[in-house]
Amino acid sequence: MPGALVTLEPVATSRFGIGTGRPTEVNTDDSGYFRICNVPAESEMNLQPHFGRSSGRTVVISVGAGLGEIQDLEMLVSAEGTLSGYVEDFASGEPVLGASITVAGTQGLVLTDQEGRFIIDDLPPGRHLVTTDHIAFEQRTDSVTIFSEEVVDIEVRLAVDALEIDGLVVTARTRFGRTSFLNDAKRADFISREEIDALLPRTTATVDLLRNVQAPGLRIREISTVDPVTGVPRPGLCIEVSRRSGGQGCAPAAVFINDVPVPYPEQAIIDMDPNFIDRIEVLNPVDASFRFGTIAGNGAIVIYTR
């Protein structure tokens, strides 16, 4: 189940806690997998999945020192959700009449009314690709998460030509790639090739470049983690993109190289040669989720190579 929330917290009888005692939270990726690092050894912990208003069965786990633990979780989510929205002209702000709205994997198709509104009922909970099309505008696709027994409302802006609209997934990005970074060089959450070239003489690692990106909520910490293959403890990195200050737990940002996700984000940052990097972009959790889906629910570090 993509986009589910998984919480980990000490059981009531445990003598240990994580940070201030608040649960550690992570989101499952597009394949339904999750990973939580720095779990206190030999401590009984409650592990529980959540999605919308639904919660799954709590599982009590105890991880041995220097070891890893694989634990599957189950949820029963049956009640459907509703998607409603408003479609407008990006240039004029006027509502768009007769735009078609389709949801991938379903047979339904609806058209917007005179006020640009639409509604689609009985959608299963989870992430959906919603395509908006009109003969006078460029087609586009949004990534939307539907929750059980809830109404999710979105605002869709259509442009005559393919444009990148902040916070939304645009189909032209996948089809043609990103072509212009002239304005990005002025952003605090972006570091350009020119800036990287200036830093390379005194930079030995990609994480040093990342520390020069002044993105809001970007935090980089050195932590002790467990190798996912060998199970042996090793030094690691916690790279988070969130405006909330966390405890000792880590909600790692996803890492994409040339828009392709990498399986072990922090290790990719450690291993990558900074001389091969052309530019780096940091996306907050909202923008990252719209651009890449729930795999980037904790934000994203997007690296483009030379």
*Hey, any hits in the range 292-300 for a residue that's of a type in the set (Gly, Ala, Ser) and over 17 Å from Gly3 (Cα atoms)?*
no
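If I go through the range 282-306 residue by residue, how many of them are part of a strand (DSSP E or B) and more than 14 Å from the chain's Cα centre (by Cα)?
Number satisfying all stated conditions: 3.
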Out of (1) of a type in the set (A, V, I, L, M, F, W, C); (2) under 22 Å from Ile135 (Cβ atoms); (3) modelled with pLDDT of 75 or more; (4) assigned to a loop (DSSP other than H, G, I, E, B), the one Ala162 does not meet is (3)
Residues in the range 123-150 that are assigned to a strand (DSSP E or B) and at pLDDT 80 or above total 12
If you go through Phe256, Phe290, the only one that is hydrophobic (A, V, I, L, M, F, W, C) and more than 21 Å from Val130 (Cβ to Cβ) is Phe256
The residue that is farthest from Thr145 (Cα to Cα), considering only those in the range 91-117 that are at pLDDT below 90 and among the aliphatic types (A, V, I, L, M), is Ala91
Looking across the range 231-254 at residues that are in contact with a helix residue (DSSP H, G or I) (Cβ under 7 Å, 6 or more places away or on another chain) and closer than 14 Å to Ala205 by Cβ, the single one that is modelled with the highest pLDDT is Ile239
If we keep only residues of the range 89-114 that are in contact (Cβ under 8 Å) with a residue 12 or more places away in the chain and on the phi > 0 side of the Ramachandran plot, then the residue nearest to the chain's Cα centre (by Cα) is Gly105
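The values are calculated or read from the model by the stated rules, or taken from the named source; none is laboratory data. Quick caveat, the model's predicted, so the values are computed rather than measured. Cβ: placed from backbone, ideal geometry, glycine included. Neighbour counts: every protein chain shown.
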